[in-house]
Structure formats: C-alpha cells, structure tokens
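*Asks:* Mind looking over this structure? Questions follow.
The values are calculated or read from the model by the stated rules, or taken from the named source; none is laboratory data. These numbers come from a predicted model, not from an experiment. Neighbour counts are summed over all protein chains in view; Cβ atoms, including those assigned to glycine, are modelled from backbone coordinates with ideal geometry. Note: accessible area is taken over every heavy atom of the protein model, side chains too, but ligands, DNA and RNA are not part of it. Shrake-Rupley method; radii C 1.70, N 1.55, O 1.52, S 1.80 Å.
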Amino acid sequence: MNLMDPDKLRDDTPACRDLIHFNNAGASLQPAQVTRAQLDHLALEQKIGGYEAALQNAKASAQTYTALSRLLNCHENEIACVESATRAFQLLIAALPLAPGDRILVNQSEYSSNYLTLLHLAETRQIALVFVPNDESGSIDLQRLQQEAENGASLILLTHLPSQSGTIQPAAKVGQIARHYNIPYLLDACQSAGHLHLDVDELGCDMLVASGRKYLRAPRGTGFLYAQEALANRMIPAAIDLQSATWLSPERYEIAPGARRFEAWEHDVAGRIALGVAVNYALSVGMPAIESRICTLAASLRQQLGKIEGISVDDKGENLSGIVTFHAETQPATEIAALLRESGINTSVVRQQNTQLDHYYRRLPDINRASLHAYNTEDEITRFCAVLQQIMSVR
Ligand SMILES: Cc1ncc(COP(=O)(O)O)c(C=O)c1O
C-alpha cells in the first residue's frame, strides 16, 4: 500500500463495521493481520509447547526489532521490548546515574505515571524536579527550558503528545536545546508512535518510550524503549537476569550491550511478534500519510465540535494532533462518554486527578477525549457530532 487508502484500512479492521472507535489514544482497533499473528502464535504454543513455539518463530520475534528500528530510524540494538511505556520509563530512569541534588527538567504536560515515578524519585533519592510550564500557546515554554538548561540539569523530559490535550509539543526544538547543553533527553512518544512520523536523529532524543496498543495498533501489554547505544552502554539496570546479562563464571557476569540490558528473559512472545506485525503494517501504509490523515480528520472534528452549543474545545497550540479534547459546562464528562458508548461510540474521559499539573494551570474539570486514527472517516465524525448534539439538547 503506497497511497493512503482508507477503505483498505477499514477492510483490514473488522471492528470498524460495528462501532465508531474514537478511543485510539486509549487503545486502537487492531488490523486483522495483527490479531492473526498473535493468535497463530498462541495456537502454536498450545500445539507444540511454549519454548518450542518461540524457537520456531524466532525469526518473527527478531523482525519486531527490525520494524521498530525502521520506525524510529535507529539501530536494532538500541531497542528493548518491554510490557508498557511506563515500565520503559521506570527502567530508564532507574538506570541513569542520578545523585542527590541533581536537577530533572519536567514539563507541565508530563504523563501522570511518569510524574509519579519522578515524585517518588525526588522523595527517595533527593532529586530536584524543576518545573517547566507551557506558554500561552499551550506548548512547552522553550525560553524557560533554555534558562533552566543553562543552570544545569541531569535530564530533560518531555511528553510528545500529552494524553490530555491535542498539543503536539515541539520535541525536536527541545532536542536542540538538550544537545546544545549536552543534557540527556528522554521523550515519551507513547501517543506519537504510530501517529506522527518519528526519527530519533531529527528529534534529538537520547531515550524514547512508547506502548504498542495505542496508535501503533498492537496488542495490549506491548511496549518498547529506545536508548542511544553509547548512553545505553553506560546505564546500569536496576535489576538483571539471564536476558539482560550473561553469567560468565561463578563470580562474574556481563551486562548485555545496548538497550537489551533492559529486557527480561520471560515475555509474551505472541504479543512481541504481533507488535512487529503492527509496526510493519503502519510502515507499509506510510507514517507521513497516516500523520496527515489523522491530523486532517481531527481538525475537521474540532471545527464541527465548535459549532455545538454548550461544548468547549480544550485543545491549544499551533500544531494539533489526532487527540481532540472538549467538555460541556452542563454535563459531566463521564455521563457524556457513557451516553456516547450507548450509541456505539467509544471515547474516553481525562480525569482532573490524573493530570494535576496541566488541569490545574488550565483550570479544567474532567474532560472528554475523542482520539482519531487514519481508519476513522468524515462520515463517522458527522455521526459522532449528531449524537453529541442530541445528548446536549436533552439537557
Ligand atoms: C503520554 C503517555 N505516556 C505514557 C503512557 C503510559 O503508557 P502505558 O500504559 O503503556 O504504560 C500513556 C498512557 O496513556 C500516555 O498517554
């Protein structure tokens, strides 16, 4: 598939026939090819045994690294497959040589679980978290970031696409600042992997984390990290096993080179194979084409939402993603999401409690989130807005 063909995407996605799925920032609908790869491997495990199935499908497992390295434009040994983006984040943070008093620059839109990990780090290891707010446009305040970088820091963190808003953070500009001051830079690409074209060189990030189930359309329980080779080789994993290290003699061991030092021996083989199939699927459609279609559909949704009385669109920024957020003054977000679900439309709710920094500064309540993928259509957007209009008019 070279040119974007939405009908083909929909044909490959059986669930499209039965529902409107605008919860791609939660977990996307899988292409049939992905589910088939996972089920085939599980069937093989049932038939010949788990270790034997892994051996037989070793090439398919290895393909996942090739696919991910193509997705990110990096080397295969800079990739580790893990079970989620949060686990990836925790593994990387725990392996950085941070000392009491070290400063970590963290933005207002950082993902909740990442922020909790950092709060825990600050409390248990006396690390200083330095808050970098967003500016009026909704993007990270680059001037503030630069000032704080000038004062010295051990790490810069950024969430590329916040899960609570449509903002596309200027990740490459942050990368330039990080490189200028020689500060390691960890990018949370959980919502941007499979959504935007990504290239770790262009982004200038040294580390990146993502999950499979979101815009990459892989199964739940899949995720991965990227760690630039030279940096990875200096990082000390918090825990090791037979995969992340080799036992050389009774008293000696060697940590695996590159990012594989962050992997555990036991893993969901079927999920890992299916992740590779999902990434190859996205690459065959073409990331620039996917990005462009998602952003175009989302702009159309924002425009139509803006015409519904009582609905406020909450996304800010010049560059907006496929994540569309909105709320109604008169109806709680959970009630709207439940009524949409009754009409066969999947969306989600962003809770104020889980976005304490961002919602506090933006003075927002719980809000609704409709997140679009390339397999969604203008017709679905029209039907979605008609149902929402109906919900609003009953009040
Ligand atoms: C921006 C962002 N980062 C990280 C995560 C965590 O991903 P996972 O659940 O795979 O750990 C999420 C999940 O919604 C997210 O939206």
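*Asks:* Could you list, in sequence order, all residues of the stretch 214-243 that are surrounded by fewer than 20 Cβ atoms within 10 Å (Cβ to Cβ) and more than 26 Å from Asp201 (Cβ to Cβ)?
*Replies:* Arg220, Gly221, Ala238, Ala239, Ile240, Asp241, Leu242, Gln243
*Asks:* Hey, Cys205 hits all of (1) without any contact (Cβ under 8 Å) to a residue 60 or more places away in the chain; (2) over 18 Å from the mean Cα position of the chain (by Cα) but one; which does it fall short on?
*Replies:* All conditions pass for Cys205, except number (2).
*Asks:* For the stretch 8-28, state whether one or more residues are under 26 Å from Gln191 (Cβ atoms), surrounded by 14 or more Cβ atoms within 10 Å (Cβ to Cβ) and acidic (Asp, Glu).
*Replies:* There is at least one residue in the stretch 8-28 that is under 26 Å from Gln191 (Cβ atoms), surrounded by 14 or more Cβ atoms within 10 Å (Cβ to Cβ) and acidic (Asp, Glu).
*Asks:* State which residue is surrounded by the most Cβ atoms within 10 Å (Cβ to Cβ) when the search covers only the stretch 296-316 and only residues that are of a type outside the set (D, E, K, R), in contact (Cβ under 8 Å) with a residue 60 or more places away in the chain and part of a helix (DSSP H, G or I).
*Replies:* That would be Leu301.
*Asks:* Let me ask something additional. If you go through the stretch 212-257 one residue at a time, how many are touching a residue at least 24 places away in the same chain (Cβ under 8 Å) and of a type in the set (Asp, Glu)?
*Replies:* Count: 2.
*Asks:* For Leu129, state whether it is part of a helix (DSSP H, G or I), away from the ligand (no atom under 16 Å from the Cβ) and open to solvent by less than 60 Å² (accessible area, probe 1.4 Å).
*Replies:* no
*Asks:* Name every residue in the stretch 363-395 that is in contact (Cβ under 8 Å) with a residue 60 or more places away in the chain and in a helix (DSSP H, G or I), in order of residue number.
*Replies:* Glu378, Glu380, Ile381, Thr382, Arg383, Phe384, Cys385, Leu388, Gln389, Ile391, Met392
*Asks:* Right, another one. Report the residue count in the stretch 78-94 for those that are touching a helix residue (DSSP H, G or I) at 6+ places or on another chain (Cβ under 7 Å) and open to solvent by less than 30 Å² (accessible area, probe 1.4 Å).
*Replies:* 7
*Asks:* Would you please name the residue that is nearest to the ligand (Cβ to nearest atom), looking only at residues in the stretch 134-154 that are closer than 23 Å to Leu92 by Cα and buried (at least 17 other Cβ atoms within 10 Å of the Cβ)?
*Replies:* Residue satisfying both the conditions and the ranking: Ile140.
*Asks:* When you go through Asn114, Asn182 one by one, which is the residue that is of a type in the set (S, T, N, Q), surrounded by 15 or more Cβ atoms within 10 Å (Cβ to Cβ) and closer than 30 Å to Leu68 by Cα?
*Replies:* The unique qualifying residue is Asn114.
*Asks:* Pairs, please: C-beta under 6 Å, at least 6 apart or cross-chain, first residue of a type in the set (Lys, Arg) and in the stretch 158-179, second more than 13 Å from the ligand (Cβ to nearest atom)?
*Replies:* From the stretch 158-179, the pairs are Lys173/Leu142; Arg179/Gly204.
*Asks:* Please enumerate the residues belonging to the stretch 155-185 that are away from the ligand (no atom under 13 Å from the Cβ) and part of a loop (DSSP other than H, G, I, E, B).
*Replies:* Scanning the stretch 155-185 gives Pro170, Tyr181, Asn182, Ile183, Pro184.
*Asks:* Something else now. When you look at Tyr253, is it more than 20 Å from Ala25 (Cα to Cα) and either among the hydroxyl-bearing types (Ser, Thr, Tyr) or within 16 Å of the ligand (Cβ to nearest atom) (or both), yes or no?
*Replies:* So Tyr253 fits the description; yes.
*Asks:* Which condition number does Pro31 fail, the rest of (1) open to solvent by less than 30 Å² (accessible area, probe 1.4 Å); (2) within 16 Å of the ligand (Cβ to nearest atom) being met?
*Replies:* Single failed check for Pro31: (2).
*Asks:* Continuing with the same structure: If I ask for residues that are under 23 Å from Gln169 (Cα atoms), within 16 Å of the ligand (Cβ to nearest atom) and not in a helix (DSSP H, G or I), which ones from the stretch 80-114 would you list?
*Replies:* Those that are under 23 Å from Gln169 (Cα atoms), within 16 Å of the ligand (Cβ to nearest atom) and not in a helix (DSSP H, G or I): Ser84, Val106, Asn107, Gln108, Ser109, Glu110, Tyr111.
*Asks:* Right, another one. Does Ala53 satisfy being under 29 Å from Ser284 (Cβ atoms), open to solvent by less than 40 Å² (accessible area, probe 1.4 Å), within 16 Å of the ligand (Cβ to nearest atom) and in contact (Cβ under 8 Å) with a residue 40 or more places away in the chain?
*Replies:* So Ala53 does not fit the description; no.
*Asks:* In the stretch 186-208, which residues are within 13 Å of the ligand (Cβ to nearest atom) and more than 18 Å from Glu76 (Cβ to Cβ)?
*Replies:* Hits for the stretch 186-208 are Leu186, Leu187, Asp188, Cys190, Gln191, Ser192, Gly194, His195, Leu196.
*Asks:* Pull out all pairs, ordered by first then second residue, where Cβ-Cβ is under 6 Å, the residues are six or more apart or on different chains, the first lies in the stretch 325-345 and is in contact (Cβ under 8 Å) with a residue 60 or more places away in the chain, and the second is aromatic (Phe, Trp, Tyr) and surrounded by 16 or more Cβ atoms within 10 Å (Cβ to Cβ).
*Replies:* Ile345/Phe384
*Asks:* Moving to a separate point now. Go through the stretch 279-288 and count every residue that is open to solvent by less than 30 Å² (accessible area, probe 1.4 Å) and either part of a helix (DSSP H, G or I) or closer than 19 Å to Leu161 by Cα (or both).
*Replies:* Total meeting the criteria: 5.
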